[in-house]
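Peer 1: Attaching a single structure in structure tokens format; questions to follow.
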Amino acid sequence: MIIHQSIKDLFKHLPLKDGLNISFHHHYRNGDVVLNAVLNELYTQDLKALNLYPSGIFPVHTSIVEGLKQHRINNITTNYMNGPVSAYLKAHGLPGELIMQTHGGRARAIEEKETVIDIAFIAVSAASKAGDGSGLLGQRPCGALGYAVADAQHARKVVLLTDTLVETIENPEIKGADVDHICLLETAGNTSQIASGTLSVTRDPVGLKIAREAMRVIKASGYFKQDVSFQSGAGSVSLAITQMFVDQLKQDHLTASFFTGGITGVHAQALKDGLVRKLYDVQCFDEAAIESLKNNPNHEPMSASLYASPSNEQRKIKALDIVILGASEIDLDFNVNVTSDSYHTIIGGSGGHQDTAEDAKLSIIVAPLIKARTPLIKHTLTSRTTPGKHIACLITERGIAVNDAHDPTLKTTLEAQGIQTLDIQSLMDKAHALTLVPAPFKRPKHRLGYIEGRRKDVLDTLYWGERDD
Amino acid sequence: MARSYLFIPGNVPRMLQNMDVFDADAVIIDFEDAVSLTDKDEARHLTQLFLRDHLPPSLDIYVRINSDAQLMKDDLIALETLDIQGIVLPKCDQDTLKEYEASQANFRVIGIIETPQGMIEVEKTAMHPCIDGLILGAEDLKKEMGFTRSSQTLYYPRQRLLYAAKAANIKAIDTPFTHLDESGLSEDACEAAALGYESKCAIHPNQVPTINQLFLPSEADLMAALKIVKKHEQTNSMRFSLDGKMIDKPVIDAAKQLIEKSKRYGVKGVL
């Protein structure tokens with residue numbers, strides 16, 4: 001194992017060339033420092049035609065914008081993106097293509113050699129001299145390293161970047177056998193920035209109304225029983241539902257079998273309280289989750305492949321009962337957009353959206369029917385992230401629409417429990433009664449790339465430039 | 001019959017647009033304390049436009065107008081063509097009622113009793129022909145009287161207003177709880193319910209579910225009421241014994257009211 005004192009020193013030992021495929025993970029989210037440090041050094045060495053494979057891109061990643069301005073980046077393949085990179089791509093496009101994958105799809109593509117990574121740069125909060133990597137030890141932990149595991153196992157060269165070197169690591173997520181180099185940095189990442197964003201239970205009354213309605217649907221669906229499994233995101237409404245879900249487990253003297261996905265303090269507390277038996281954690285969303293992963297043996301890290309790869313028969317979400325998902329747009333066939341806004345700026349991406357929607361038995365979309373005077377339900381989506389056939393129902397503050405094409409029995413089940421449902425067209429009409437019918441937008445002319453399904457299918461095209469209204 | 005009366009500011013479009021999604025039984029659109037002097041016209045205009053085109057069908061809507069004579073006049077002009085349940089009159093006493101009468105508006109009125117003068121005139125106010133209900137305004141009353149809010153200090157005003165309202169056969173609505181902690185709200189609402197209040201004001205939409213739940217008849221109360229009405233109908237008698245208790249007309253009437261309320265709010269056990 002070669003240990004380097006700086007990225008500059010590291011680069012002397014790597015097969016650097018124009019056109020490199022390089023990958024990063026986003027476990028530090030907006031507290032990541034590694035991507036910027038590596039790219040800036042690559043620019044110093046005058047490398048061009050780079051192809052980036054970060055699992056997520058956050059506002060902190062301004063070096064990508066610099067690389068795009070200097071014409072050093074050709075293609076970007078990622079699962080999630082927001083911030084200045086999105087704004088730049090919307091205004092200027094990309095020489096190559098932007099491919100928006102799912103978390104499970106990214107792991108599958110790497111494992112099946114569709115994606116070939118030349119060098120994986122993996123930030124870890126601690127590395128052992130044998131090359132094992134952990135996100136739990138050290139001064140600046142980031143928690144689970146699920147998105148980096150496939151990169152470590154399959155990249156041609158693997159580099160761990162860390163600020164903490166230890167003698168040994170027990171049960172490391174990144175195995176030393178996969179690692180070629182260790183590079184020491186002043187800091188591996190900023191733990192305090194992992195939880196930046198909306199990682200708190202909503203107090204917004206509309207959000208809480210949606211959460212209460214979602215909990216009613218969950219209870220009435222027939223899936224809420226002993227050993228139920230559940231996943232929700234880290235959005236403020238999702239967290240409110242998670243809290244209600246946990247409270248209901250307690251009230252009904254039930255125990256969930258497992259929670260999956262990104263894990264927060266709310267999930268960790270439920271494990272501590274004995275309301276769920278296992279947490280399968282691909283990504284820690286806050287410091288409470290990191291502490292739990294460190295100390296609770298029933299809180300287990302998992303790779304993105306074990307989480308959601310469609311080729312992995314052991315994937316945890318294959319046994320998932322209920323998933324709560326968001327939407328920025330939904331159409332009358334329940335197709336969902338969480339990738340771009342109506343100006344075609346990338347505002348997020350699938351992450352595990354499509355993976356979990358497809359695999360879970362009950363995939364619930366929660367979203368306000370009207371947001372900033374714009375109706376949620378559209379005749380035509382700006383982009384399609386998740387096919388509607390995977391969605392069971394849409395829950396808004398003004399009503400619940402069930403997708404009969406997904407589950408023809410759900411509507412009857414809910415109505416038998418006293419839950420009124422509407423068809424999605426009626427829900428759209430309700431919104432239009434308040435907002436009127438928005439004028440259709442014409443999409444920009446230039447192709448930016450595409451949204452890739454978890455099995456490499458193309459779900460939609462992405463565009464850049466001004467809308468041609 | 002309403003359990004919750006939710007105050008929403010009249011000059012906030014998002015709140016007006018969502019007034020029917022918060023699950024309140026009634027909303028009180030506020031032109032008074034929640035709206036600064038410079039925003040009064042905006043509140044009137046927004047409310048007028050919104051209610052003209054989007055009157056929610058199954059929601060009781062009131063508007064709290066201003067007690068100042070000129071502001072009151074402008075408020076009432078803005079409301080005159082709207083199909084609302086009534087207006088809420090702040091600082092309600094005999095003087096403000098005279099002011100309201102002078103405007104020649106013919107809305108039904110819920111008066112807020114929130115001044116010492118209002119409190120000592122509450123029985124007379126309750127009997128006024130335009131009055132449909134009374135709200136206790138504890139925060140203003142507290143300020144005027146100099147007391148600290150507690151169940152003890154609220155006991156007298158709550159009781160006095162309640163007796164006045166019951167005697168006049170009008171609604172008595174409990175004062176809002178101004179903190180946003182749920183357990184404090186529950187405690188405050190339970191105290192009011194124990195005295196005989198059947199409804200309470202909310203000053204935040206997140207208070208509504210708690211209030212609705214606490215002022216809902218319990219399943220046990222409903223079962224007892226159904227039993228009373230069933231025996232009354234079977235025997236065609238206004239006076240009988242049931243489960244060791246004597247039942248007469250007031251008890252039968254109260255049971256019928258409770259069943260009606262349970263039907264409206266979907267308490268389990270109502271056919």
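Peer 1: B:L97 is checked against (1) surrounded by fewer than 16 Cβ atoms within 10 Å (Cβ to Cβ); (2) in contact with a strand residue (DSSP E or B) (Cβ under 8 Å, 6 or more places away or on another chain); (3) closer than 24 Å to B:V27 by Cβ and fails just one. What number does that condition carry?
Peer 2: (1)
Peer 1: Please go through segment B:195-223 and give me each residue that is under 14 Å from B:I173 (Cα atoms), more than 14 Å from chain A (Cβ to nearest Cβ), part of a loop (DSSP other than H, G, I, E, B) and of a type in the set (A, V, I, L, M, F, W, C), ordered by number.
Peer 2: B:F215
Peer 1: Step by step: first the residues of segment A:146-165, then only those that are among the hydrophobic types (A, V, I, L, M, F, W, C) and farther than 15 Å from A:Q5 by Cα, then the one that is farthest from the chain's Cα centre (by Cα). Which residue is that?
Peer 2: Among them, the one singled out is A:V158.
Peer 1: Take the conditions touching a Leu at 6+ places or on another chain (Cβ under 6 Å), closer than 30 Å to B:G266 by Cβ and without any contact (Cβ under 8 Å) to a residue 40 or more places away in the chain and apply them to B:L82. Does it pass?
Peer 2: Yes, satisfied.
Peer 1: Do we find that A:E173 is away from chain B (no Cβ under 14 Å), within 26 Å of the chain's Cα centre (by Cα) and at pLDDT 95 or above in this structure?
Peer 2: Against the criterion (away from chain B (no Cβ under 14 Å), within 26 Å of the chain's Cα centre (by Cα) and at pLDDT 95 or above), A:E173 qualifies.
Peer 1: Out of segment A:334-351, which residues are within 15 Å of A:E452 (Cα to Cα), of a type in the set (A, V, I, L, M, F, W, C) and either touching a residue at least 60 places away in the same chain (Cβ under 8 Å) or assigned by TED's automatic domain parsing to the domain that holds A:T102 (or both)?
Peer 2: Listed by number, the list holds a single entry, A:I346.
Peer 1: Can you tell me which residue is surrounded by the fewest Cβ atoms within 10 Å (Cβ to Cβ) among those in segment A:377-435 that are within 14 Å of another protein chain (Cβ to nearest Cβ) and hydroxyl-bearing (S, T, Y)?
Peer 2: Restricting to residues being within 14 Å of another protein chain (Cβ to nearest Cβ) and hydroxyl-bearing (S, T, Y), the top hit is A:T435.
Okay, residues lined up against (1) touching a strand residue (DSSP E or B) at 6+ places or on another chain (Cβ under 8 Å); (2) surrounded by fewer than 21 Cβ atoms within 10 Å (Cβ to Cβ); (3) closer than 17 Å to B:G137 by Cα:
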| site | (1), (2), (3) |
| --- | --- |
| B:M1 | no, yes, no |
| B:S4 | yes, no, yes |
| B:N11 | no, no, no |
| B:V27 | yes, no, yes |
| B:F31 | yes, no, yes |
| B:V35 | yes, no, no |
| B:P56 | no, yes, no |
| B:R64 | yes, no, yes |
| B:D75 | yes, no, no |
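Peer 1: Within segment B:7-16, is even one residue under 18 Å from B:A202 (Cα atoms) and under 15 Å from the mean Cα position of the chain (by Cα)?
Peer 2: yes
Peer 1: Now, a different point. Residues that are modelled with pLDDT of 95 or more, of a type in the set (D, E) and under 22 Å from the mean Cα position of the chain (by Cα): list the strands (runs of 3 or more DSSP E) wholly contained in segment A:350-469 that include at least 1 such residues.
Peer 2: Passing ranges, in order: A:446-452, A:458-464.
Peer 1: Further question: Looking only at segment A:142-174, count every residue that is in contact with a strand residue (DSSP E or B) (Cβ under 8 Å, 6 or more places away or on another chain) and under 25 Å from A:E291 (Cβ atoms) and tell me the total.
Peer 2: Residues meeting the conditions: 22.
Peer 1: Does any residue of segment A:303-319 turn out to be modelled with pLDDT of 95 or more, of a type in the set (A, V, I, L, M, F, W, C), assigned to a strand (DSSP E or B) and closer than 17 Å to A:T386 by Cβ?
Peer 2: No, there is no match, as no residue in segment A:303-319 is modelled with pLDDT of 95 or more, of a type in the set (A, V, I, L, M, F, W, C), assigned to a strand (DSSP E or B) and closer than 17 Å to A:T386 by Cβ.
Peer 1: Here is a follow-up. Being touching a helix residue (DSSP H, G or I) at 6+ places or on another chain (Cβ under 8 Å) and not in a helix (DSSP H, G or I) is the filter here; which residues of segment B:168-194 pass it?
Peer 2: B:I170, B:K171, B:A172, B:D174, B:T175, B:P176, B:F177, B:T178, B:H179, B:L180 - these are the residues of segment B:168-194 that are touching a helix residue (DSSP H, G or I) at 6+ places or on another chain (Cβ under 8 Å) and not in a helix (DSSP H, G or I).
Peer 1: Also, quick follow-up: Can A:E300 be described as free of Cβ contacts under 8 Å to residues at least 24 places away in the same chain and in contact with a strand residue (DSSP E or B) (Cβ under 9 Å, 6 or more places away or on another chain)?
Peer 2: yes
Peer 1: Right, here's the next one. Output the number of the condition that B:G266 fails; it satisfies all remaining conditions of (1) within 14 Å of chain A (Cβ to nearest Cβ); (2) assigned to a helix (DSSP H, G or I).
Peer 2: Among (1) within 14 Å of chain A (Cβ to nearest Cβ); (2) assigned to a helix (DSSP H, G or I), B:G266 violates only (2).
Peer 1: While we're looking at this one, here's another question. Against the condition in a loop (DSSP other than H, G, I, E, B) and in contact with a helix residue (DSSP H, G or I) (Cβ under 6 Å, 6 or more places away or on another chain), how does B:D23 come out, does it pass?
Peer 2: Judged against the criteria, B:D23 is a match.
Peer 1: Moving to a separate point now. Can you confirm whether segment B:8-24 contains a residue that is away from every other protein chain (no Cβ under 14 Å) and farther than 26 Å from B:E260 by Cα?
Peer 2: Yes, there is a match, as at least one residue in segment B:8-24 is away from every other protein chain (no Cβ under 14 Å) and farther than 26 Å from B:E260 by Cα.
Peer 1: Of all the residues that make up segment B:151-185, how many are among the hydrophobic types (A, V, I, L, M, F, W, C) and touching a Gly at 6+ places or on another chain (Cβ under 9 Å)?
Peer 2: Number satisfying all stated conditions: 6.
Peer 1: Just need a number here: residues in segment A:1-57 that are among the small types (G, A, S), over 12 Å from A:L161 (Cβ atoms) and assigned to a loop (DSSP other than H, G, I, E, B).
Peer 2: 4
Peer 1: Being in a loop (DSSP other than H, G, I, E, B) and free of Cβ contacts under 8 Å to residues at least 40 places away in the same chain is the filter; apply it to segment A:263-297 and report the residue that is surrounded by the most Cβ atoms within 10 Å (Cβ to Cβ).
Peer 2: Among residues in segment A:263-297 that are in a loop (DSSP other than H, G, I, E, B) and free of Cβ contacts under 8 Å to residues at least 40 places away in the same chain, the one surrounded by the most Cβ atoms within 10 Å (Cβ to Cβ) is A:L275.
Peer 1: Go through (1) of a type outside the set (A, V, I, L, M); (2) touching a helix residue (DSSP H, G or I) at 6+ places or on another chain (Cβ under 8 Å); (3) buried (at least 22 other Cβ atoms within 10 Å of the Cβ) and name the single condition B:C201 misses.
Peer 2: Result: B:C201 fails condition (2) only.
Peer 1: Give me the residue from segment A:440-468 that is of a type in the set (A, V, I, L, M) and farther than 19 Å from A:I330 by Cβ and, out of that set, surrounded by the most Cβ atoms within 10 Å (Cβ to Cβ).
Peer 2: Ranking the candidates gives A:L448 first.
Peer 1: Within segment A:101-111, identify whether any single residue is at positive phi, out of contact with any His (no Cβ under 6 Å at 6 or more places or on another chain) and not assigned by TED's automatic domain parsing to the domain that holds A:F285, and answer yes or no.
Peer 2: Scanning segment A:101-111 turns up no residue that is at positive phi, out of contact with any His (no Cβ under 6 Å at 6 or more places or on another chain) and not assigned by TED's automatic domain parsing to the domain that holds A:F285.
Peer 1: From the list B:D39, B:D83, B:D93, B:D60, exactly one residue is more than 14 Å from chain A (Cβ to nearest Cβ) and more than 20 Å from the chain's Cα centre (by Cα). Which is it?
Peer 2: B:D39
Peer 1: Given the criterion touching a residue at least 60 places away in the same chain (Cβ under 8 Å) and under 20 Å from the mean Cα position of the chain (by Cα), identify the matching residue among A:I64, A:I99, A:I119.
Peer 2: The unique qualifying residue is A:I99.
Peer 1: Look through segment A:195-250, keep the residues that are among the β-branched types (V, I, T) and within 14 Å of chain B (Cβ to nearest Cβ), and return whichever of them is farthest from the chain's Cα centre (by Cα).
Peer 2: The residue in question is A:V206.
Peer 1: Here's another thing I want to ask about it. Please determine whether any residue of segment A:278-292 is closer than 15 Å to A:F230 by Cβ and either more than 16 Å from the chain's Cα centre (by Cα) or modelled with pLDDT under 95 (or both).
Peer 2: yes
The values are calculated or read from the model by the stated rules, or taken from the named source; none is laboratory data. Because the structure is predicted, anything quoted here is derived from the model rather than measured. In this analysis, Cβ positions are derived from the backbone assuming ideal geometry, glycine residues included, and neighbour counts consider all displayed protein chains.
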